[in-house]
Amino acid sequence: MLSATDGWAFGLTKQASTTGVTPLILHFSNGAWALAPVPDLKQNWTITDLAVGSNNDLWAVGYTLAFPDTQAMGVTLHYLDGKWRITQTFPHIHLIGLAMDTANEGWATGYSLQSYGNNPSTTFQQGIMLHYAHGTWNEVFTILQGSDVGSSITLASPTNGWMDTETTAADAEITAAAPEDNVVLYHYNGTAWQRVLVKVPTYPGFLKATVSNLAILPTGEIWAVGDASNGTQTVAPGTTQQIVYPQPHMVILHYLNGQWTTLAD
């Protein structure tokens, strides 16, 4: 919500008689919610995040739904002067997270999709970020390390931001940090993004511990939640080994006075 009387929400709409999926955006104004027209891409697509640059200046990101996934296309949308418009598209990319520093600068995250060999239906992900500056979005491949894939971004100010990921620290890092597993976050100081490993309790045999939501309070204090759950370990390109565990565990992280601590579930 921008205020008690102005707000936005997004979701999906699906025709019961077809497999068609298109995004919807709702605007709360004058005491009621109403549909806001969105551009027609003439194909299935979805909106995954929305952020405010300033009052009446908003951005959204999403991607087209395609088979194989490598044919998907990332999409950025801008709301200005009372209308949503598509500003740029990015082939072979899913955009899933977005945050704006100001109306003139922002960050988006997601992943690019590439095929294994000659099989276009078998894909792997490479984390990617987009930076908005000087009126355009540009791809940045040098921020996310290794197999890290950004999930959502939260900016408290132009010099303080955090990004959670869909990644658990690599096996070698977990082994070196035993007996804890590591959640992978990124911190933005206004100049650069830096990778941060946050230790969480070890749950025997659990491979995947991630954060799914993060909130920064005005005081700088941070709370983050996620889980340690069933995971898939990549053994070799195109090959996975499914790890099955009986009961997921909640992960709660707290940041205060420059230190991360973990609350056990």
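Key figures
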{"quantity": "Calculated diffusion of the stretch 1-50, Stokes-Einstein form, Kirkwood radius summed over Cα pairs, 37 °C and 0.692 mPa s, µm²/s", "calculated": "273 µm²/s"}
{"quantity": "Formal net charge of residues neighbouring ILE96 (Cβ-Cβ distance under 12 Å; K, R +1; D, E -1)", "calculated": "-3"}
{"quantity": "Convex hull volume per residue in cubic angstrom - Cα atoms of the stretch 1-142", "calculated": "113 Å³"}
{"quantity": "Estimated distance in nm for a label pair at ASP40 and TRP223, the labels positioned 7 Å out from Cα along Cα-to-Cβ", "calculated": "4.4 nm"}
{"quantity": "Packing-based exposure ordering (other Cβ within 10 Å, fewest first) of ARG195, ARG85", "calculated": "ARG85, ARG195"}
{"quantity": "Charge tally in the Cβ shell below 12 Å around LEU155, where Lys, Arg are +1 and Asp, Glu are -1, LEU155 excluded", "calculated": "-2"}
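Values in this text are rule-based calculations from the coordinates and carry no lab data. Owing to the predicted nature of the structure, the values given are computational and were not obtained by experimental measurement. Virtual Cβ from ideal backbone geometry, glycine too; neighbours counted across all protein chains shown.
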